1. For 131, 115, what's the fewest-to-most ordering of other Cβ within 10 Å of each Cβ?
2. Can you tell me the order of 36-49, 4-17 when each peptide is scored by its average per-residue count of other Cβ atoms within 10 angstrom, highest first?
3. Using the alpha-carbon centroid of each, what span in Å lies between the stretch 43-81 and the stretch 91-116?
4. Provide 24, 78, 84 in ascending order of the number of other Cβ atoms located within 10 Å of each residue's Cβ, fewest first.
Ligand SMILES: [Zn+2]
């Protein structure tokens, strides 16, 4: 009986960057603030507020891309992923769906069978949502909303002869 199926495993990894301020505003990223502190019109999605990219996020994204042998693009852009979720008052998330900052890299890992290269599909920058607090009552905290300078690393296909780590 021939091989009819191939196991394909994909990973999507989110990394929170160690910046002092959020990705699109000057609010602090300090952990553990009281609910809805460290917020402003931008990260709470107030009408008319405009995001401005944190330069440090861009620098970190490029550094990670270079460390993972990616091509760093000269042209990338952000997109709005529109959806409703209680901890995201903007009703959209700013991400890089179509033109991410880094593409086509690889990392080398040690396995029992020797070294193996894991391909990296892409690295992109995006903001994080807030969080829901389930205590005596339901609470929405926007401390981390639009906030944390999160870079999303996507991974795909780590299996068989073809291995890709899409960051
Ligand atoms: Zn803010």
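Quick note: the coordinates plus some simple rules give every number you see, no bench work behind them. Values in this document were obtained by computation on a predicted structure and should not be read as measured data. Here Cβ is always computed from backbone atoms with ideal geometry, including for glycine, and neighbour counts include all displayed protein chains.
1. Listing 131, 115 from fewest to most nearby Cβ atoms yields 115, 131.
2. Details: 36-49: 15.6, 4-17: 11.8.
My ranking of the peptides, most packed first, is 36-49, 4-17.
3. 15
4. Working: 24 23, 78 20, 84 9.
If I rank by nearby Cβ atoms, fewest first, I get 84, 78, 24.
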